[in-house]
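> Shown below is the structure under consideration.
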């Protein structure tokens, strides 16, 4: 909500109950969030335990056994270079989760920092928001390819390119929240009492932002995993020898009619994970702060 | 601004944008009953100058709108095309050419000797074989508007072969005013004297190219054979519709939205095989040759033994499968010259052909004194043929215990990076892969990748005076037997020095609706003689 | 308000200038040489160097940038390095498919998403609500290209109802135009459907909790009347917000959609230009993206005032 002030009802800022209890209540009220959490933990476990899950080297190529349909030997079949799709999907969990989590963490932290400052320091506001507009209007594909060409294709570059595209959205959210909070009587009182700016931010503003930020973070996490697939589709994603769910699908896409399993299995994993992340986000949103969080 | 007016204006602006777009877009209006051939080309046509670029799609475009003085036929014989009669003097130093009657450029002007001379001269500044011929050329002279001569300083037995060169760069004939353009600057006016005319107003780069039949074209009487013989156009209009996604292209052909798909990934054959209205065929007799190129400037591949080690370990069968999907669309080719052409042989090929010998390879690596230097393979993930070769090579070198770094990027990055002569740690490279179409590597003259001219050689810059010497000896050969023998000597040296490693010969099949007939079997895509029912 | 608009428009120009500079420097740093691509596979260093010099790519960074700004000031976006066609013409012939696709996608998404969101809000907490929400999450979680292939295989190849690919202009008739847009719009629309459904549901829940709604209910209005009466108005805000966010999403989404359905639109033009380092096109397209992005968001901000008088612009 750029340059707008939403006249919202006051927020009960001081009614902080132990956070974990709110989570527990939320899970009780939202069994779907619990399901989401369980799926996510499962995926994380797969990622960590990849080498011990009956996998072989996911990069090993054997052209002689290419495009074998799923069987007892190759559970998810083999791809066009004879690589074992099961192993690739299992190892792919690592890359996809790392991309999702790293982008979520980086963009929320960066967005938080920029959003807090711009929301409070009015002079910076217009400038920073225009910079954000500019940033958002540079296609992330361009950034990804430029970064790739500057150094080389790597997971790090994919994370940076997606993060740069996500940050402005987080900034907008944080800023609009800060603009509302700033008008709150207790914040005004704190300012009148001569409390320093960092102290106000940490004491009064931050606690009210954590909830929507976490929720936004989960959405960003899901969308980053999808964006990674799209970058791979264009050829600017994770280096293709390192498997990720996105690039397994992107590499096998033209064979959808012949070897549908190349898309099916990573697709199921990706969808399940994004679904889980979003369910968790929805649950957290309702649990932590139903009012503010809904505004995204 | 009043509140009510705002959305209206916004809507109005949006509508304007749409209307503007509609006006800007070109209507594909066409008369009823016209025969339109809809064709999915192998790539998008971006550069319309067949001399500045060697891109195959531009070469194919060249064959649509331009004509050539001579052409090579299916028996590898040179046949006159625009030329009616020609004479070679006894001392083989003077060639006299006379043009056929009725040759006219698309702008209505007749084809004159001056046009041919300017075109050939521009081509010979750019093309490798053309440059070689220029070295022996004294002068091109117009005798009159229809007759011109080539005077040589010393005999050049390949003069006619050069003028009949079937693949990039082809000496296409353009009007003199256009052919006067600097050979490094793209021409902007696509005017030739060929069997089709380019419709520039309907060209949408990245999407569509439109040609119409040149009704003024006078074809030769002979039946077509490669680019030789009569170019009789049997449709009214040809539309090249670029479909970047192969799954979509297959669906479009299946649904009958297009008539012909120039090159399809062999893996998609089963998708089309079910449809009885679609035929999949290999109409390209020579196919393409995959290759693995080394960087000769830095360790470890500046060492001959390291390169030989790769010869012993690389299994062409893997590359055939990786590129072509099955043995049906490719096969090993243990020759530096296109298998299936007169000069190809397996002389000296034992290290590449025999049983794969990793022990021997490892021993050679040891003898080479390999100290764990990093080997950078540059990969282009948007080019499946490059990408699969890169993955296979990386895996093979890893098995040999070498320190491999596979660096992925796009094709645009690859072809920029490969021109870097910097050391590995400063953005340089050790290995890249590509492929060349069959007609480009049929002889020591055409195969530029085999050359050892050092800093002037193709990327990788091998320096091997001996192979250059043998190549010159081949140029001097005057009859077929001597030529074959000289080519074998070149190849012997190549398998010892290893300027690059041939990885496979493969054929990308073409697919078309069964209402098409008369497709010309040739290593280049030609669109005359094709009939649509 | 006029003053506000003027200030925003002024800042738009600055944003565009900064974006242009940033993109230009980025491209300058990026090692990709159009000369190498022009020369083709069979070329020597020397060929590339000659073409490179011809294109003026050897000049210092600021000279190149200055040259570009100078021609821009004359309303000239330059000519494509590859096709030698003016960038304005190349962009011009690509606008119609992209604008058509965007409008169609928005219409499809709104038609599907608003009723879904309203229904979910009405039955908040129930299984219907959860079902709709889970369904909308699916929209986020399937990559566009996978969904697009499934649509093509089902509706074009199996059922033969709609064309596989391509684009027809308005001139060829509205029906032909629409037929070619249905599948791409649905494919691209899934993300929007997901987003708009969520936002509609959320703001509906917000509104339903408001005092004036309770008053309306107390006055004896039927729940449906309350819902529909307020639904339409309140759906407006999330929808316009999506249009704002959507412009950014559109670019990456449209690239994929246009590639799969072979639509000659701006997204495809952009990727092709990036992959081939056709600098003038990349510059021109980025400039247009930033202008459209900033202007659409300005329009979105302004429209908030219209739909919700409580919002004031500062």
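> For peptide B:378-386, how many partner chain Cβ atoms fall within 10 Å of a residue's Cβ, on average? The partial results should precede the final answer.
Numbers: counts 1, 5, 1, 14, 4, 1, 3, 0, 0.
Mean number of neighbouring Cβ atoms from other chains: 3.
> Under the classification rounded if a/c is under 1.5, otherwise prolate if a/b is larger than b/c and oblate if not, where does the range B:341-426 fall, given a ≥ b ≥ c as square roots of the Cα gyration tensor eigenvalues? Present the calculation step by step, with values, prior to reporting the outcome.
Numbers: a/c = 1.91, a/b = 1.22, b/c = 1.57.
Since a/c reaches 1.5 but b/c is at least a/b, the shape of the range B:341-426 is classed as oblate.
> Give me P(r) over the range A:188-235, computed from all C-alpha to C-alpha distances, binned every 5 Å, as integer percentages.
Spelled out per bin, shortest first, that is 5, 18, 15, 12, 11, 9, 9, 8, 6, 5, 3, 0.
> Would you mind ranking C:52, B:61 so that the residue whose beta carbon has the fewest other beta carbons within 10 Å leads the list? Intermediate values should be presented prior to the final figure.
Details: C:52 20, B:61 25.
Ordered from fewest to most neighbouring Cβ atoms within 10 Å, C:52, B:61 come out as C:52, B:61.
> May I pose another question? Pairs of Cα atoms under 8 Å, at least six residues apart: use those to get the relative contact order of the range B:326-392, whole percent. Intermediate values should be presented prior to the final figure.
Working: 25 pairs, mean separation 9.9, N = 67.
Worked out over the range B:326-392, it gives 15 percent.
> Over all alpha-carbon pairs of the range A:22-124, lay out the pair-distance distribution in 5 Å bins, whole %, shortest bin first.
Result returned by the calculation: 2, 11, 13, 13, 12, 13, 10, 8, 7, 5, 3, 2, 1, 0.
> What area, in nm² and to one decimal, does the C-alpha convex hull of chain B cast on average over all directions?
Numbers: hull surface 121.5 nm².
In nm², the orientation-averaged hull projection of chain B is 30.4.
> Return the average number of partner chain Cβ atoms within 10 angstrom of each residue Cβ along peptide C:84-96.
Details: counts 10, 7, 0, 0, 1, 3, 3, 1, 5, 11, 7, 7, 9.
Per-residue shielding by partner chains comes out at 5.
> How large is the convex hull of the C-alpha atoms of the range B:225-343 per residue, in Å³? Present the calculation step by step, with values, prior to reporting the outcome.
On the way: hull volume 22.2 nm³, N = 119.
For the range B:225-343, the hull spanned by Cα atoms encloses 187 Å³ per residue.
> Still on this structure, I have one more. If each residue's Cβ is checked for other Cβ atoms within 10 Å, how do C:16, B:289 rank with the fewest at the top?
On the way: C:16 21, B:289 26.
If I rank by nearby Cβ atoms, fewest first, I get C:16, B:289.
> May I pose another question? Once the convex hull of the C-alpha atoms of the range A:130-227 is built, how many Å³ does it hold per residue, rounded to a whole number? Display every interim value, and only then the final one.
Values: hull volume 11.8 nm³, N = 98.
For the range A:130-227, the hull spanned by Cα atoms encloses 120 Å³ per residue.
> Over all Cα pairs of the range A:70-162, how is the pair count split among 5 Å bins, expressed in % and running from 0 up to the last occupied bin?
All Cα pairs considered, the percentages come to 3, 11, 13, 15, 15, 14, 10, 7, 5, 4, 3, 2, 0, 0.
> Treat the range C:1-118 as a sphere of radius equal to its Kirkwood radius over Cα pairs and apply Stokes-Einstein at 20 °C in a medium of 1.002 mPa s; give the translational diffusion coefficient in µm²/s, rounded to a whole number. Numbers along the way, then the final one.
On the way: Rh = 18.3 Å.
Estimated diffusion coefficient is 117 µm²/s.
> To continue, here is another question. Can you pull a Stokes-Einstein diffusion coefficient for the range A:38-84 at 20 °C (1.002 mPa s), Rh from Kirkwood over Cα pairs, as a whole number of µm²/s?
Details: Rh = 11.7 Å.
Estimated diffusion coefficient is 183 µm²/s.
> Another question about this same structure. Would you mind checking the radius of gyration and Dmax of chain A based on alpha-carbon positions, in Å?
Cα-based Rg and Dmax for chain A come out at 22.0, 77 Å.
> Compute the acute angle (0 to 90°) between the alpha-carbon long axis of helix A:122-137 and the principal axis of greatest extent of the alpha-carbon atoms of chain A; round to the nearest 10°.
Compared with the principal axis, the helix lies near 20 degrees.
> How big is the equivalent ellipsoid of the range B:365-415 along its three axes, where each semi-axis is √(5λ) from the Cα gyration tensor, reported in whole Å from largest to smallest?
Numbers: eigenvalues 114, 25, 10 Å².
For the range B:365-415, the ellipsoid semi-axes come out as 24, 11, 7 Å.
> How large is the convex hull of the Cα atoms of the range C:37-87 per residue, expressed in Å³ as a whole number?
Values: hull volume 3.7 nm³, N = 51.
Given the Cα convex hull of the range C:37-87, per-residue volume reads 73 Å³.
> Relative to the compact-globule scaling 2.2 N^0.38 Å, provide the ratio for the alpha-carbon radius of gyration of the range B:259-413. Working shown, then result.
Numbers: Rg = 17.8 Å, N = 155, 2.2 N^0.38 = 15.0 Å.
Compared with the compact-globule rule of thumb, the range B:259-413 sits at 1.19.
> Looking at the protein assembly as shown from every direction and averaging, what is the projected area of its Cα convex hull in nm²?
Values: hull surface 189.6 nm².
Over every viewing direction, the Cα hull of the protein assembly as shown projects on average to 47.4 nm².
> Taking R0 as 30 Å, what FRET efficiency do you get between residue B:480 and residue B:531 from their Cβ-Cβ distance, rounded to the nearest 0.05? Walk me through the intermediate numbers first.
Working: r = 37 Å, r/R0 = 1.22.
Taking R0 as 30 Å, the efficiency between residue B:480 and residue B:531 is 0.25.
> Restricting to DSSP H runs of at least four residues, report the calculated mean residue ellipticity at 222 nm for chain A, -39500 (n - 2.57) per run over all residues, nearest 500 deg cm²/dmol. Show your work: numbers first, answer last.
On the way: 12 runs with 202 residues, N = 296.
Helices in chain A give a 222 nm mean residue ellipticity of -23000 deg cm²/dmol.
> Please compute the contact order of chain A in relative form: average sequence separation of alpha-carbon pairs under 8 Å and at least six residues apart, divided by the residue count, as a percent.
27 percent
> Please list the equivalent ellipsoid semi-axes of the range C:2-43, computed as the square roots of five times the alpha-carbon gyration tensor eigenvalues, in descending order and whole angstrom.
Numbers: eigenvalues 309, 18, 3 Å².
Semi-axes (√(5λ), whole Å): 39, 9, 4.
> Sort B:104, B:153, B:38 so that the residue with the fewest other Cβ atoms within 10 Å of its own Cβ comes first and the one with the most comes last. Spell out each step's value before the answer.
Numbers: B:104 14, B:153 11, B:38 22.
Least crowded to most crowded, the residues run B:153, B:104, B:38.
> In addition: Normalised by the residues of chain B, what does the relative contact order come to in percent, with Cα pairs under 8 Å and at least six apart? Write out the running numbers ahead of the final one.
Values: 1105 pairs, mean separation 97.6, N = 533.
This gives 18 percent for chain B.
> Here's another thing I want to ask about it. Using 1/(1 + (r/R0)^6) with R0 = 30 angstrom and r between the beta carbons of residue A:193 and residue A:127, what's the FRET efficiency to the nearest 0.05?
Numbers: r = 30 Å, r/R0 = 0.99.
Efficiency at R0 = 30 Å is approximately 0.50.
> May I ask for the percentage of alpha-carbon pairs in the range C:142-190 that lie more than 14 Å from each other?
Taking all Cα-Cα pairs of the range C:142-190, the fraction more than 14 Å apart is 50 percent.
> What average number of partner chain Cβ atoms lie no more than 10 Å from the Cβ of the residues making up A:224-234?
Working: counts 0, 3, 7, 3, 1, 6, 7, 1, 3, 11, 10.
Other-chain Cβ atoms within 10 Å of each residue's Cβ, averaged: 5.
> Here is a follow-up. Shape call for the range C:38-196 from the C-alpha gyration tensor, a ≥ b ≥ c root eigenvalues: rounded (a/c under 1.5), prolate (a/b greater than b/c) or oblate?
On the way: a/c = 2.50, a/b = 2.19, b/c = 1.14.
Note, shape of the range C:38-196 comes out prolate.
> Same structure again: Regarding the range A:157-296, what are the three Cα extents along the principal axes, ordered largest first, in Å?
In descending order, the Cα extents are 70, 29, 18 Å.
> Quick one: what do you get for the range B:117-187 if you divide its Cα Rg by 2.2 N^0.38 Å? Present the calculation step by step, with values, prior to reporting the outcome.
Numbers: Rg = 11.9 Å, N = 71, 2.2 N^0.38 = 11.1 Å.
Normalised Cα radius of gyration, the range B:117-187: 1.07.
> Once every Cα of the range B:407-533 carries one equal point scatterer and solvent is ignored, give the base-10 log of I(q)/I(0) from the Debye formula at q = 0.14, 0.17 Å⁻¹, two decimals.
Here log10 of I(q) over I(0) equals -0.81, -0.99.
> Something else now. Run lengths n ≥ 4 of DSSP H only: what is the helix-derived mean residue ellipticity at 222 nm for chain B, with -39500 (n - 2.57) per run over all residues, to the nearest 500?
Details: 16 runs with 163 residues, N = 533.
It comes out at -9000 deg cm²/dmol, rounded to the nearest 500.
Any read-out appearing in this document is the output of simple, stated calculations on the displayed coordinates, not a laboratory observation. All values reported here derive from a predicted model rather than from experimental measurement. Don't worry about glycine lacking a Cβ; one is built from the backbone with ideal geometry, like all the others, and counts go over all protein chains shown.
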